[in-house]
Amino acid sequence: MLEKDIQEVLITEEEIRAKVKELGATLTEDYKDKYPLAIGILKGAIPFMGDLMKEIDAYLEIDFMDVSSYGNATVSSGEVKIVKDLNTNVEGRDILIIEDIIDSGKTLKYLVDLFKYRQANSIQIVTLLDKPTGRKVDLKADYVGFDVPDAFVVGYGLDYAEKYRNLPYIGVLKKEIYSF
Ligand code: 5GP
Ligand code: MG
Ligand code: MG
């Protein structure tokens, strides 16, 4: 059903599964002696976080934050506002921010500064996708699944106007989908 709207599959389900296992093994090694707090950024990080957390063998806790910067448009407004804050006090915690994709970097820059201000002990960024060519601020992820070209991608949590998050792979939409 959804597949008819997809121009091209960029990353398959199998490729995602293998990468998530690999990232999970690395994070297990890096965090096995800590009590990390994984913070998923809603809603895009949901499938990635759900799969990744099962691959991390450490005393991990999870929480979620919802920030908005994009609305339904495909270009960043540059404005970040907190829609839902954490339930957890991050002071002294080792934080893993879990994101679907980094483009301009503005969303994560805002969050890193916020968690620093709230006195986290350490802050590392885990992102499934990275668009290095889109960067507008100085920000680097510590763990990256895949680099993607500067195209608007959907699936595995990533939406277009709130749809396509439930696609099990990462793809590019057909042009006509944007033009109604
Ligand atoms: P940034 O603040 O880094 O520019 O934007 C990050 C957020 O913008 C991501 O968390 C994601 O929600 C959205 N975003 C950036 N690029 C894409 C894309 O190619 N597809 C989708 N669906 N969302 C994107
Ligand atoms: Mg996001
Ligand atoms: Mg979105």
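Computed from the coordinates by the stated procedures, all read-outs in this text should not be read as laboratory data. These numbers were taken from a predicted model, which means no experiment stands behind them. Note that each Cβ is placed from the backbone with ideal geometry, even for glycine, and that neighbours are counted across all protein chains shown.
Relative contact order for the chain: 25 percent, from Cα pairs under 8 Å spaced at least 6 residues apart, divided by residue count. In this simple spin-label model, placing a label point 7 Å from the Cα along the Cα-to-Cβ direction at both residue 113 and residue 18 gives a separation of 4.0 nm.
Taking the convex hull of the alpha carbon atoms in the range 101-180, what volume per residue do you get, in Å³? Each step should come with its number before you reach the end.
Working: hull volume 9.3 nm³, N = 80.
Expressed per residue, the convex hull around the Cα atoms of the range 101-180 is 117 Å³.
Helices assigned as whole DSSP H runs in the chain whose Cα atoms extend at least 30 Å along their own long axis and whose mean Kyte-Doolittle hydropathy is -0.5 or higher are not found.
Between the C-alpha center of the range 124-180 and that of the range 1-76 there is a gap of 12 Å.
Bridge orientation summary for the range 98-171: considering DSSP beta bridges with both residues in this region, about 25 percent are antiparallel. The DSSP beta bridges internal to the range 1-147 are antiparallel in roughly 10% of cases.
Calculated on the Cα set of the range 40-180, radius of gyration then Dmax: 14.9, 49 Å.
What's the longest bit of the chain with no exposed GluC sites (Glu not before Pro), using DSSP loop states and at most 13 other Cβ atoms within 10 Å as the test? Don't skip to the answer; put the middle values down first.
Values: sites that count: 79, 91, 162.
Looking at the chain, 1-78 is the longest stretch - no exposed GluC sites (Glu not before Pro) with at most 13 other Cβ atoms within 10 Å.
Between the listed residues 102, 126, 88, the Cα displaced farthest toward the positive end of the dipole of the range 86-155, a dipole computed from Cβ unit charges relative to the Cα centre, is found at 88. Put a plus charge on the Cβ of each Lys and Arg, a minus charge on the Cβ of each Asp and Glu, and nothing anywhere else: the dipole of the chain about its Cα centre is then about 440 debye. Partner aspartates and glutamates whose Cα lies under 19 Å from the Cα of residue 81, excluding those fewer than 8 positions away in the same chain, are identified as 63, 66, 99, 100, 103, 113, 159, 162.
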